[in-house]
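Structure, as structure tokens:
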Amino acid sequence: MSRLVVRCESLTDTVRLASCVAGVVRPGDCVVLTGDLGAGKTTFVKAAVAAMRIPDAVTSPTFTLVHHYGTGANTVVHADLYRLERTGELADLGLDEARDDGAVAFVEWGDRVGDELGDVLVLTFALDDSGSDTARRVTVSYRGERWQRRWTGISSAFLGEFADAVAQ
Ligand code: ADP
Ligand code: MG
């Protein structure tokens, strides 16, 4: 089993999912968010930052590409790679430095740079085919050993919160 499919009926469920993720991330981790515009990636990051008890207002880094939140040992770096023109630009965003300093990275459209981000937890957001405006299907998977060794604990935390999540 290496992926979980979670159905979020509404924003409330997305907030619950973000709390689950906030509960499992550790300093230096990177969480990639993929899915179409409007699928809920930025909304998810807002909720995750709030669940990490960082009081900053989260806004989409669509144009600036990167925002930093929090202070001290509890920080987040939030990037959006949608407008990244060359993979080489990635280094200029300072994600590696922030992660080395202990920030948790949330990277929208992180799939655009292949495996340059290293080991990542991946959340893929899709509109649900039920036709509801607020329903989302979120697939949680990962890449790399950093997550593989934690996956059993992480997936059981998710299954504990979302009893109808489907493990694949
Ligand atoms: P993205 O960053 O993927 O482009 P945003 O988070 O900016 O998407 O926008 C998602 C929009 O969908 C927001 O207006 C949000 O309020 C709305 N929305 C409705 N239901 C949900 C849900 N279940 N999860 C996330 N966003 C939702
Ligand atoms: Mg966004």
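Details
- Shown here for the stretch 59-115: chymotrypsin sites (Phe, Trp or Tyr not before Pro) in loop regions (DSSP other than H, G, I, E, B) with at most 10 other Cβ atoms within 10 Å, namely Phe63.
- With R₀ set to 30 Å, the beta-carbon distance separating Glu89 from Asp56 gives a calculated FRET efficiency near 0.75.
- Loop-resident GluC sites (Glu not before Pro) (DSSP state other than H, G, I, E or B) in the stretch 68-137 with no more than 16 further Cβ atoms inside 10 Å of their Cβ: Glu85, Glu116.
- Of the trypsin sites (Lys or Arg not before Pro) found in the stretch 1-73, those in coil by DSSP whose Cβ has at most 13 other Cβ atoms within 10 Å are Arg53.
- Percent RCO, i.e. relative contact order, over the chain, from Cα pairs under 8 Å lying at least 6 residues apart: 35 percent
- Longest to shortest principal axis, alpha-carbon extents of the chain, angstrom: 40, 33, 32
Values in this text are rule-based calculations from the coordinates and carry no lab data. Computed from a predicted structure; not experimentally measured. Here the Cβ is made from the backbone with ideal geometry for all residues, glycine too, and neighbour counts use every protein chain on show.
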